[in-house]
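Beneath this line is the structure, given in structure tokens, with notes to follow.
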Amino acid sequence: MTYSFDEVIDRRGQNSYKWNVGEQELPMWVADMDFSTAPAIREVLERKVRHGVYGYMDIPDAWGEAYAGWWKTRHGFETKPEWYTFCTGVIPALSAAVRKLTTPGEKVLIQTPVYNHFYTSIRNNGRVVAENRLIYEDGTYHMDLADLEHQLQDPQVTLMFLCNPQNPGGKIWSREILRQVGEMCCRNHVVVVADEIHCDLTEPGLGYVPFASVSEECRRNSITCVAPTKTFNIAGIQTAAVMAADENLRHKMWRELNTSEVAEPNVFAIEAAIAAYTGGAQWLDDLREYLSQNKTYLREKLAQALPEIAVTKNEATYLMWLDCGRITKQTDELTAYIRESTGLYLSKGSQFGSGGERFIRWNVACPRATLVDGIGRFIQGVERFRKQDAESIRGK
């Protein structure tokens, strides 16, 4: 590999959301990598800082061209620069779509378990969550298409959030599955908002299928939310894009993003995105290889020490999804116990909604030494938890 990801960078004392924890705690929860970003991005930001003037920013043609160029060369999807609208983040874009494309009291369909902010974007805007629960089988997820069709036939369901690739399960949806989803949504007059923020973080050798690339129906009946932030670890810069091929949907989103005041870039947002998509390809290839090695390492160590915990098959993201059903049916207490007894901070599965209760989400985007530390703490915490549980049962 050209780039190394073994350096342990001390993030304490930096007002890091992830690392704002106790001195002896190890956070491996929120989707935030512990790696320095790509050199191409750092160089352009350092140059911007040295300039010394940080005024209002315009959005040049090069920004949309960078997005379109990346999706063409990286993902084989031909888009046009004018299809992209700047937004400060994917979450603001999701909320904007809810406000503009639905009315209060209507339903937005999600497929659970799923990224927890899907729930908040819907409920905080006065809409109702409709759930199409994914089927967990043989260590991976499948869509329940029959139930999906049933849910979409509800006239109160007017919008669907699609997580592609899926978070937290790490599933890459196939072209055929996406085609069927697109047909169902068109048939039932439901617009699709595809959150594809993890699309670049696939396993080496695997690609993802952009929802809008699948068919003309998918293209004209969808909005896609994308960003370089997860891929290149620049979430704090707040730079993203909403992509819509359909002119009517694009205008509606442009109007709402501006109304919500989330369409104006900060001084670093534009240059960072352009640098990522024009100079970050090799860094990303090396990152994906390193992440894959971390996933394999975690899987092997847990198989040896805790074979009753099943690690879900992971095709994308750096988030591992652990099935702890043979230890507990509800991981709230388990994750709390592990954090209290070892300092390891992981995400409880219940926060991702129906079907996530017995799972734990683990962020492995960190140097190997950090991962080794985390695994040691996890094994210790689980063993203590089981011992405590066994003693409790014997005492009854």
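Some values worked out for this structure:
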{"quantity": "Answer residue from region 151-165, given it is within 20 Å of Y141 (Cα to Cα) and not hydrophobic (A, V, I, L, M, F, W, C) and is most open to solvent (accessible area, probe 1.4 Å) among those", "calculated": "Q151"}
{"quantity": "Unique match (being modelled with pLDDT under 95 and either of a type outside the set (S, T, Y) or out of contact with any strand residue (DSSP E or B) (no Cβ under 7 Å at 6 or more places or on another chain) (or both)) among G343, G356, G395, G349", "calculated": "G395"}
{"quantity": "Unmet criterion (only one of (1) in a helix (DSSP H, G or I); (2) surrounded by 13 or more Cβ atoms within 10 Å (Cβ to Cβ); (3) of a type outside the set (A, V, I, L, M)) for T79", "calculated": "(1)"}
{"quantity": "Breaking point among (1) touching a residue at least 60 places away in the same chain (Cβ under 8 Å); (2) assigned to a helix (DSSP H, G or I); (3) open to solvent by less than 20 Å² (accessible area, probe 1.4 Å), for K230", "calculated": "(3)"}
{"quantity": "Residues (in a loop (DSSP other than H, G, I, E, B) and either at positive phi or touching a helix residue (DSSP H, G or I) at 6+ places or on another chain (Cβ under 8 Å) (or both)) located in region 285-325", "calculated": "L306, I309, N314, T317, Y318, C324"}
{"quantity": "In region 196-217, residue farthest from the chain's Cα centre (by Cα) [restricted to those that are among the hydroxyl-bearing types (S, T, Y) and assigned to a loop (DSSP other than H, G, I, E, B)]", "calculated": "S215"}
{"quantity": "Filter result for Q180 (in a helix (DSSP H, G or I), over 30 Å from E289 (Cβ atoms), among the polar types (S, T, N, Q) and touching a helix residue (DSSP H, G or I) at 6+ places or on another chain (Cβ under 7 Å))", "calculated": "yes"}
{"quantity": "Looking only at region 233-245, and only at residues there that are part of a loop (DSSP other than H, G, I, E, B) and of a type outside the set (S, T, Y), the one that is nearest to Q166 (Cα to Cα)", "calculated": "N233"}
{"quantity": "Residue count for region 56-76, restricted to those that are farther than 19 Å from D195 by Cα, hydroxyl-bearing (S, T, Y) and open to solvent by less than 70 Å² (accessible area, probe 1.4 Å)", "calculated": "0"}
{"quantity": "Boolean, A38 is in contact (Cβ under 8 Å) with a residue 12 or more places away in the chain and over 22 Å from M320 (Cβ atoms)", "calculated": "yes"}
{"quantity": "Residue count for region 270-284, restricted to those that are in a helix (DSSP H, G or I) and either of a type in the set (A, V, I, L, M) or open to solvent by less than 20 Å² (accessible area, probe 1.4 Å) (or both)", "calculated": "10"}
{"quantity": "Filter pass, E131 being under 24 Å from G349 (Cβ atoms), acidic (D, E), open to solvent by 50 Å² or more (accessible area, probe 1.4 Å) and under 20 Å from the mean Cα position of the chain (by Cα)", "calculated": "yes"}
{"quantity": "Members of region 327-379 that are open to solvent by less than 10 Å² (accessible area, probe 1.4 Å), in a helix (DSSP H, G or I) and aromatic (F, W, Y)", "calculated": "F352, F378"}
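Listed here are the residues, each with its yes/no results for (1) of a type in the set (S, T, Y); (2) out of contact with any His (no Cβ under 9 Å at 6 or more places or on another chain); (3) open to solvent by 90 Å² or more (accessible area, probe 1.4 Å); (4) assigned to a loop (DSSP other than H, G, I, E, B).
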| residue | (1), (2), (3), (4) |
| --- | --- |
| M1 | no, yes, yes, yes |
| F5 | no, yes, no, yes |
| I9 | no, yes, no, yes |
| R12 | no, yes, no, yes |
| Y17 | yes, yes, yes, yes |
| Q24 | no, yes, yes, yes |
| E43 | no, yes, yes, no |
| K48 | no, yes, no, no |
| V53 | no, yes, yes, yes |
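The values are calculated or read from the model by the stated rules, or taken from the named source; none is laboratory data. Bear in mind the structure is a predicted one, so any value in this text is a computation, not a measurement. So basically every Cβ, Gly included, is an ideal-geometry build from the backbone, and we count neighbours across all protein chains shown. Just so you know, the surface numbers come from the protein's heavy atoms only, side chains and all, with ligands and any DNA or RNA stripped out. Shrake-Rupley method; radii C 1.70, N 1.55, O 1.52, S 1.80 Å.
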